[in-house]
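Read-outs throughout are calculated quantities, based only on the coordinates presented, and are distinct from any laboratory measurement. Here the structure is a predicted model, which is why all the values come from computation and not from measurement. As a convention, Cβ positions derive from the backbone with ideal geometry for all residues, glycine included, and neighbour counts pool all protein chains shown.
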Amino acid sequence: MGSIFNLQQIINGLILGSVYALVALGYTMVYGIINLINFAHGEVLMVGALTSWTVVMALKDAGMPGWLLMLLSLIAAIIVCAILNFIIEKLAYRPLRNAPRLAPLITAIGVSFLLQTLAMIIWGRNYHTFPQLISTTPLQPIPGVFVTPVQIAIVVVSALLMIGLLLLVNRTRIGRAMRATAENHRVASLMGVDTNAVIAMTFVIGAALAAVAGVMFASNYGIAHYGMGFMPGLKAFTAAVLGGIGNLGGAMLGGVVLGLVESFGAGYIEHLTFGFLNSSYQDIFAFIILGLVLIFRPTGLLGERVSDRA
C-alpha cells in the first residue's frame with residue numbers, strides 16, 4: 001500500500017465525511033435543543049435531492065449555464081426542505097414535547113416512513129439520473145490521485161456552511177437564543193425567549209443543511225430516488241453519536257472520522273481481496289463504529305452536550 005493509495009483514500013473520506021457532517025449537524029442541533037432524535041432527517045435529504053432534480057429537469061432547456069441551474073435548484077431544495085421540516089416540527093413533534101421520550105421517537109420513525117411513501121407517490125419508484133451540472137472529469141492535482149470538480153465543490157461548500165453555522169450559533173442573537181433554549185427552555189422562556197420560534201428555527205436550519213447535503217449526494221453519485229435518504233441519514237446519526245450527540249463540533253468531527261474510516265476500510269478490503277469484495281461493503285463500518293462507541297465511549301469523542309432541563 002503506497003502513499004498515493006492512502007492519499008486517495010483520505011480525499012475520498014473527506015468527501016464522504018463532508019456530507020455526513022452536514023446531515024449530522026441537523027441531528028445534533030435538534031437533540032441538543034429538545035432531546036429528540038429526528039429519524040426523519042435522512043428523508044429531508046432525499047426530498048432536497050428530488051426537489052433539486054425536479055427543478056433541473058424543468059429548466060434544463062432554458063439555456064442557463066450549469067452553475068446557475070445548480071444554484072436555482074439548490075435554493076428551491078432549501079426552501080422546500082425548510083418548509084417541510086417546519087411543518088413536521090409543528091404538527092408531529094411540538095404536541096409531543098412533554099410526552100414520554102418513546103412517543104416522539106416512534107413518531108419520528110413514522111414520519112420517516114410517511115415521507116418515503118409520499119416521495120414514492122410523487123416521484124415514482126424509479127431511480128432518476130441527476131444531470132451533471134458541474135464537471136465530473138477527474139483532475140490529477142498529484143499524479144495518481146484523482147478528484148473531480150464536483151467533489152472539490154462538496155468539500156468547500158461543506159466547510160463554509162459548517163463555519164457559518166458555528167458563527168451563527170456563537171456570535172449572533174438567534175445563536176444565543178438557541179443556546180439558552182438548549183440549556184433550559186423554561187428559564188429561557190421566562191427571560192423573554194420565544195422558545196417555540198427558536199426550536200422551529202433549529203429545524204429549519206437543519207433542513208437547509210440536509211437539503212444541501214442531498215443535492216451534493218445526488219450530484220456526486222448521479223442519481224436520486226425515494227429511498228436514498230435512509231442510509232446517509234443512518235450514517236450521519238452514527239457520526240453524531242461518534243462525535244458526541246448535541247455537540248456541534250463533535251458532529252463535524254464524527255462525520256469526517258466516519259468518512260475516513262469508511263474510505264480506508266473499503267479501500268483496504270477491495271485491495272486485500274483483489275476486488276472479490278467490492279467497496280459496497282463500506283456500510284458495515286458505520287454500524288461497527290456505532291456499536292463500539294456505545295459500548296466503550298457512549299458520550300462520543302468530544303462528549304455529549306448535557307444541559308439542565310429541570
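Please label the shape of the range 1-97 as rounded, prolate or oblate, based on the square roots a ≥ b ≥ c of the eigenvalues of the alpha-carbon gyration tensor (a/c under 1.5 means rounded; beyond that, a/b larger than b/c means prolate, else oblate).
Judged from the Cα gyration tensor, the range 1-97 comes out oblate (a/c at least 1.5, b/c at or above a/b).
For the range 163-211, just the Cα atoms, rotate onto the principal axes and tell me the three extents in Å, largest first.
Taking max minus min along each principal axis of the Cα atoms, the range 163-211 gives 33, 19, 14 Å.
Would you calculate a helix-derived [θ] at 222 nm for the chain, using -39,500 (n - 2.57) for each DSSP H run of n ≥ 4 and dividing by the full residue count, to the nearest 500?
Per the formula, -24000 deg cm²/dmol.
For the range 54-146, what percent of Cα pairs sit more than 23 Å apart?
Tail of the P(r) past 23 Å holds 51 percent of the pairs.
Determine which residues of the range 115-135 fall in the zone a paramagnetic label at Lys60 would reach in this model, i.e. backbone nitrogen under 13 Å from the point 7 Å along Cα→Cβ.
128-134
Binning every alpha carbon pair distance of the range 124-283 at 5 Å from zero, what are the percents per bin?
For the range 124-283, the binned pair fractions read 2, 7, 11, 16, 18, 16, 11, 7, 5, 3, 2, 1, 0 percent.
In the P(r) worked out for the range 167-245, what percent of Cα pairs fall beyond 16 Å?
Cα-Cα pairs in the range 167-245 separated by more than 16 Å: 64 percent.
Ranked highest first by average number of other Cβ atoms within 10 Å, how do 229-238, 20-29, 86-95 line up?
20-29, 229-238, 86-95
By its C-alpha gyration tensor, with a ≥ b ≥ c as the square roots of the eigenvalues, how is the range 96-170 shaped: rounded for a/c under 1.5, else prolate for a/b larger than b/c, else oblate?
Taking the square roots of the gyration eigenvalues as a ≥ b ≥ c, the range 96-170 is oblate.
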